[in-house]
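Notes follow once the structure below has been shown.
The values are calculated or read from the model by the stated rules, or taken from the named source; none is laboratory data. Nothing here was measured: the structure is a model prediction, and the numbers come from that model. Cβ atoms come from the backbone with ideal geometry, glycine included; neighbour counts cover every protein chain shown. Accessible surface areas use protein heavy atoms only, side chains included; no ligands, DNA or RNA. Shrake-Rupley method; radii C 1.70, N 1.55, O 1.52, S 1.80 Å.
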Amino acid sequence: MRHRAEPTAEAGPVRFAFDGRAVAARQGQSIAGALWDHGIVAWRTTRVGGRPRGAFCGMGVCFDCLVVVNGAPGQRACLVRVSEGDTVTSQEGHGRDGLGS
């Protein structure tokens, strides 16, 4: 059984932008975890009704936590690990409106 090395406390923070705001995260942290650490619990709105959504299942099954990462919509914030310099933005709906039929 392989074990993934856990980030060390000595590792410096990873910095990224969320909706234009500078955010710091721990090495290896998911986007959802980093947003939670900063008190941000909703970052997507539903296509119908504009209701707020954030992480629900925390394991990539429900798709409630979708964000746009570096221009790519439909990224699950609970699964994507933050990388230095990422640009993350809130997502409206499922993120496919501009993709055509």
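Worth a mention:
- Only a single item in (1) open to solvent by 30 Å² or more (accessible area, probe 1.4 Å); (2) part of a loop (DSSP other than H, G, I, E, B) is not met by G60, and it is number (1).
- Residue that is farthest from S83 (Cα to Cα), among those in segment 24-49 that are of a type in the set (D, E, K, R) and free of Cβ contacts under 8 Å to residues at least 24 places away in the same chain: D37
- Residue selected from segment 63-88 under the condition assigned to a loop (DSSP other than H, G, I, E, B) and of a type in the set (A, V, I, L, M, F, W, C), by the criterion surrounded by the fewest Cβ atoms within 10 Å (Cβ to Cβ): L79
- Enumeration of residues in segment 16-57 that are surrounded by 15 or more Cβ atoms within 10 Å (Cβ to Cβ), basic (K, R) and not in a strand (DSSP E or B): R26
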